[in-house]
1. Suppose we filter region A:190-208 for residues that are more than 20 Å from A:Q633 (Cα to Cα) and crowded, with 22+ Cβ neighbours inside 10 Å; how many remain?
2. If you go through region B:89-104, how many residues are surrounded by fewer than 17 Cβ atoms within 10 Å (Cβ to Cβ) and either closer than 18 Å to B:A30 by Cα or touching a helix residue (DSSP H, G or I) at 6+ places or on another chain (Cβ under 8 Å) (or both)?
3. At pLDDT 90 or above, crowded, with 18+ Cβ neighbours inside 10 Å and assigned by TED's automatic domain parsing to the domain that holds A:S832: which single residue out of A:V718, A:V743 fits that description?
4. Any idea how many residues of region A:391-420 are buried (at least 24 other Cβ atoms within 10 Å of the Cβ) and among the hydrophobic types (A, V, I, L, M, F, W, C)?
5. Just give me the residues in region A:347-369 being surrounded by fewer than 17 Cβ atoms within 10 Å (Cβ to Cβ) and either outside the structural domain of A:G439 (by TED's automatic domain parsing) or of a type in the set (S, T, N, Q) (or both), in sequence order.
6. Report whether or not A:E539 is under 30 Å from A:Y315 (Cα atoms), part of a strand (DSSP E or B), more than 14 Å from chain B (Cβ to nearest Cβ) and modelled with pLDDT under 95.
7. Suppose the filter is part of a loop (DSSP other than H, G, I, E, B), among the hydrophobic types (A, V, I, L, M, F, W, C), at negative phi and in contact with a helix residue (DSSP H, G or I) (Cβ under 8 Å, 6 or more places away or on another chain); does A:I850 pass it?
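The values are calculated or read from the model by the stated rules, or taken from the named source; none is laboratory data. Just so it is clear, the model here is predicted, and its values are computed rather than measured. Here Cβ is always computed from backbone atoms with ideal geometry, including for glycine, and neighbour counts include all displayed protein chains.
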Amino acid sequence: MGTQGHATPLMSQPGNVGIPVQNNLPPLPGGSNPLVRPGFPSNANIQQQRVPSINQDFSPTRANTAMLHGNRYPTIPAQRVSSQPNLQSTYNQQFQPQFVHNQQYNTKPASGYNTPNFNHYQNVSPNQSVVNQGFNKLWGAENYDLLQTANILPPTRIEPPQITLGNDTLNAANCSGEIFRSTVTKIPESQSLLQKSRLPLGILIHPFKDLTHLSVIQCNVIVRCRACRTYINPFVYFVDSKRWKCNLCYRVNDLPEEFQYDPVSKTYGDPSRRPEIKSSTIEYIAPAEYMLRPPQPAVYLFLLDVSRLAVESGYLHLFSKVLLEELVNLPGDSRMQVGFIAFDSCLHFFSLAEGLSQPHEMMVLDIDDVFLPCPDNLLVNLKDRMELVKDLLNQLPSRYNNSYDNNSALGAALQAAHRMMSATGGRVTVFQASLPNVGPGALTAREDPNQRASAEVNNLKPANDFYKRLALDCSSHQIAVDLFIVNSQYVDIATISGISRFSGGCIYHFPLFKFERPILSEKLTNSLRRYITRKIGFEAVMRIRCTRGMSIHTFHGNFFVRSTDLLSLPNVNPDSGYGMQVSIDENLSDVENVCFQAALLYTSSKGERRIRVHTLCLPVVSTLHDVINSADQQCIIGLLAKMAVDRSIESSLSDAREAFINVAIDILSSYKLSLNLGSTPGGLLAPNCLKLLPLYISALLKNQAFRTGTSTRLDDRVQAMFEMKTKPLPWLIQSIYPDLYPVHNLEEQQVILNMMEEPVHVPPHLQLTSRLIDNNGAYLMDTGDHMMLYICSGVSQVFLKECLGVPNFNMLSDQMYEIPTIENQANQRLISLIDYLNSEKPHRATIQIIKDNSPSRSVFLERLIEDRVENALSYHEFLQHIKAQVK
Amino acid sequence: MAFNFSAFAYIIALIVDAFLIFFSLFHVIAFDELKTDYKNPIDQCNSLNPLVLPEYILHLLFNFIFACSGEWFSLVLNIPLLAYHINRYRTRPVMSGPGLYDPTSIMNADVLTKCQREGWIKLAFYLLSFFYYLYGMIYSLISA
């Protein structure tokens, strides 16, 4: 579509094509939607074709859901716009609501595991008539008495709630819930209504997510609103075929002539055929106006801690090995540059000049006033000096074996990195194993190991602002710093993380890292491999716009907020998410929908300037009942966790914990209020869309980030907090409330198809309680980047033999970190389940097999967060506590 | 009519207060600029931070003179603001230089509104106290 030829002279059509269509169109249901575009010619067609397809697709098993998952993302393949695939995927999305509905009712009785229980406990509140219940069920508005419903977790995966805009085309065009989520799918019309519902209002976004289908558009003019600079999107209103009304600021703009050209049919006419109007996630290749300077090359600099602790941990072996293997896969074009600096109590630079037979090491001892030992050859073109770089990587692991230097001058190394890269910008990767204790930004150990279990946690704030100030300098030179922390002692993550948090970087933490420990080294290898090869966007900015009357209030994530709606992201990576709190400033009762638009402008590793635009449209409602029943519990939890991190750092941990409980109480109270039941006999009622909220909150209170009473290292806690701030929602939920599956009877479970269309037996999710752990079973817990296979002593010998290749329970080793591949069906089923679970993660999870009598079983048991542990309430006690408070 | 120490205290307070009015005006304008995206938060914080301590010290200075001259009523009027200043500086974010404002948190809507409101309230307070000091000065000049 780059070829927007003006060869065909514009005929008189453009105006005439749109209008007759508009007249032919039957009045739309509802009729009052201002964003409904007048001319969507194929609307009637779609309605007709849908009916047979429903029947075709309909089946009681979940087989087809997998297909939906596979191409959930409804856009056109990159660079290729043809109407066929788009139409198809549009259907898929339209089906989803209905489909999920059907599936729910059909699979419930069939879902093997503990269905009888499940149905038995779903005790719908007593004082509603059967008719009412039926209706409520139909609309998904049934409510649950939480205290009576022991098994509240749905057996299947929880999908993002559907947004209904009263128009199928708009519904289909809306942004995918995996990219853009709002805490409510219907926006309350005023701040006071929002306050009455007590729900937090905000959006979570995962803007640079890896997508399988994305329409990329190259055009001369990117159509944007002249007043607020909003990109044209599916929710704008076409006044006539030459003008469009912005859905964010309501200004009427002219439509450029070339926008009426349809690249698919190569004709002029109705603008609604354009990909910009059909899909709300779109990528533009930006023309020169969007560049302040020529696109930067990909520049990667690695800072390696080589102090004694670092050498002992042995991370250099893994680093060199993985980087050597993946050097060719580093994203970048022919201009790509790399460099290395090692640091202990001094800085070791490596000159990779042309003609050298091996890398030339230069040591700079003056760390208080850092200078670069030579002006060039520290950052070199990778393609030209591939041999030298490989040579260096081969030497690195053993090079510092004899050093006994205990100091680490991280601050000085970062200053040197900043100086080296300030001309180009790029990515700095830091490996840190010990506390930076010399030179600028030196720190002292602040943690008191005796206080690890106390109720009040100190030292969550940074000790100094050196790293933050340096991060801001880096940010203004388009440098992002990523941290890989492979510590065995306290390294003060609270302070050094500043360098990543404000420069748009990311932080990986491998506590107690030792090269010899299989899980940790596998985890580092996997993360590093993903990190090196994943997509990267340089010199990025992201702007979030929203409809007039609303405003973005607070931002969560790793970036620097440069103005009220502009985030500066020197690097953007596909594994980080962002959150924004939103406030309603004006009454929204005169509009039907509100929109949020996130536009991410970045330079791709190939040196192209691109803009990725996501638009989310939400309807506005005026009643408390509607608002509460539109809540998205997972998104609420994601936002609350971010807010709680801020609260714990600024105020105190106990404040944050209290706030969590208050949120649960407030929301359930306001729900009770909205039901208008008068005095209810006992029970703790929650709507379907919020029934898991108390469960997740009680899980959060036991999470590493917010727990008290259990010994938690300060670094681990701080890192867990930053993960709350940056993890995209699905992974965050998984780390808060891991998925637990029974795997001893996989052959009885239902079958779904994975992306390769192969059948996978997927068991239902279990709640995290030992009540459901049977002594004759085997259970797989998936916490996101780590899986645990828990083998109980009574498990059948057949299972042990077929799946794990051991004759009996006693022969099972305590140190087993992979599932052996054995030629039989049971083993195949287990492995394909694990592969299926891994397929949606950024990198493979590590796996550990735990026997129920081994000392490491506590790793598994402490994640059964519904049970009572020493100092924390069980889920049931937590509910009773809430019930006592709900008015 | 005589020139005594309390009259001197009021004259100093009057002059210093005039400066403080300008300080708080600058403060209000600076935050308005931030809100309307005219300025980069890093630059704005760099220009605001050096002014925080001088403002607090000037305010402390004339209150000290009030205490010396025994103008207890005027001192009591200022004590809440003094306490606020001390508390505000004590709970400032971790930073190496002097000042209060951190470019990474200043764009947070809560902080921004709070700072803006603080500016307006201080402006009003300084303006009102300006007239009060004027009155105090004339009163102590003619009464003695």
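1. Going through region A:190-208 one residue at a time, the tally reaches 2.
2. The qualifying residues number 4.
3. Only one candidate qualifies: A:V743.
4. 7
5. A:S357, A:Q358
6. Spelling it out, A:E539 is indeed under 30 Å from A:Y315 (Cα atoms), part of a strand (DSSP E or B), more than 14 Å from chain B (Cβ to nearest Cβ) and modelled with pLDDT under 95.
7. So A:I850 fails the test.
A quick yes/no check of all residues on (1) in contact with a Ser or Thr (Cβ under 9 Å, 6 or more places away or on another chain); (2) within 14 Å of chain A (Cβ to nearest Cβ):
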position	(1), (2)
B:N63	yes, no
B:C68	no, no
B:A83	no, no
B:T91	no, yes
B:S96	no, yes
B:D102	no, yes
B:I106	no, yes
